[in-house]
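No lab work stands behind these numbers, since they all come straight from the coordinates. All values reported here derive from a predicted model rather than from experimental measurement. Here the Cβ positions follow ideal geometry from the backbone for every residue, glycine too, while neighbour counts run over all protein chains shown.
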């Protein structure tokens, strides 16, 4: 299935892009992040990131569906 | 909606005007400024990156919580994105209430939670042209009582 990935902050810098689409053969945000971490040398552990699916904060265990967008969010540092 | 992300300069006077109310006896505001130093390094600029499709719902949740916890009339938040230089206003919070006490408490509640929960990230650019994404707002400034979800992972 096709998943649209959004990158923010340090993850966007390391990936060299703010978004991309990937075809995956599983439905796990954790497995997807593990692959991205390997591809782009992301420093964060999955458990230290929040997950937004279709622009809503979601549990780490949420199952992805075809066409979903997902963002892995580093610790927020506004203000 | 009482929340805005903007890449334009924050103008507190006009934002304050929008909160004016004849039934409010108190108004409290907070401005977060870009300071010229952090942890021993001289800061030249801050670059704020936000998640505009998610930030409004989080901000409105924080504002709703503040209205439930404190006796306030109204509250608003504006946060900058993009490149800011020292002295610029990065974030503004305004609160009105019948009495002053709740404006102070609600204003602090809102800014503490904005800093920890709003999907915005800042990168510091230093005068030696190095740069670094800030990884934590845990500077000890936040009132721990205000942070119900400081490490929220499962909403």
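Taking Cα atoms, how many degrees apart are the long axis of helix A:29-40 and the longest axis of chain A, rounded to 10 and kept between 0 and 90?
Taking the Cα atoms of chain A, the angle to A:29-40 is about 60 degrees.
Averaged over every viewing direction, what's the projected area of the C-alpha convex hull for region A:2-73? Give it in nm², one decimal, please.
Working: hull surface 16.4 nm².
Averaging across all directions leaves 4.1 nm² for the Cα convex hull.
Pop the C-beta distance of residue A:35 and residue B:23 into the FRET formula with R0 = 41 Å and round what comes out to the nearest 0.05.
Numbers: r = 56 Å, r/R0 = 1.36.
Working from the Cβ atoms, E equals 0.15.
How much of the DSSP bridge set in chain B is antiparallel, in percent, rounded to the nearest 5? Kindly include the intermediate steps, with their values, before the conclusion.
Details: 30 of 34 bridges.
Expressed as a percentage, antiparallel bridges in chain B total about 90.
Using only helices, what value at 222 nm comes out for chain B when you add -39,500 (n - 2.57) per DSSP H run of length 4 or more and divide by the total residues, to the nearest 500 deg cm²/dmol? Provide the component values of the computation, followed by the final result.
Values: 3 runs with 41 residues, N = 155.
Rounded to the nearest 500, it is -8500 deg cm²/dmol.
At q = 0.18 Å⁻¹, work out log10 I(q)/I(0) for the protein assembly as shown with the Debye formula, treating every Cα as an identical point scatterer and leaving solvent out; two decimals please.
Evaluating at q = 0.18 Å⁻¹ gives log10 I(q)/I(0) of -1.33.
Grab the DSSP H runs of chain A that are 4 residues or longer, score each as -39,500 (n - 2.57), total them, divide by all residues and round the 222 nm result to the nearest 500 deg cm²/dmol. Spell out each step's value before the answer.
Numbers: 2 runs with 19 residues, N = 79.
That calculation yields -7000 deg cm²/dmol at 222 nm.
If you find the alpha carbon centre of region A:21-63 and of region B:22-101, how far apart are they in angstrom?
29 Å
Pick from B:61, B:130, B:85: which is most flexible by mean-square fluctuation in a GNM of chain B where alpha carbon atoms under 10 Å apart are linked?
So, out of B:61, B:130, B:85, the one fluctuating most is B:130.
Give me the Kirkwood hydrodynamic radius of region B:3-134 in Å, from all C-alpha pairs, to one decimal place? Working shown, then result.
On the way: mean 1/r = 0.0650 Å⁻¹.
Across region B:3-134, the inverse of the average 1/r is 15.4 Å.
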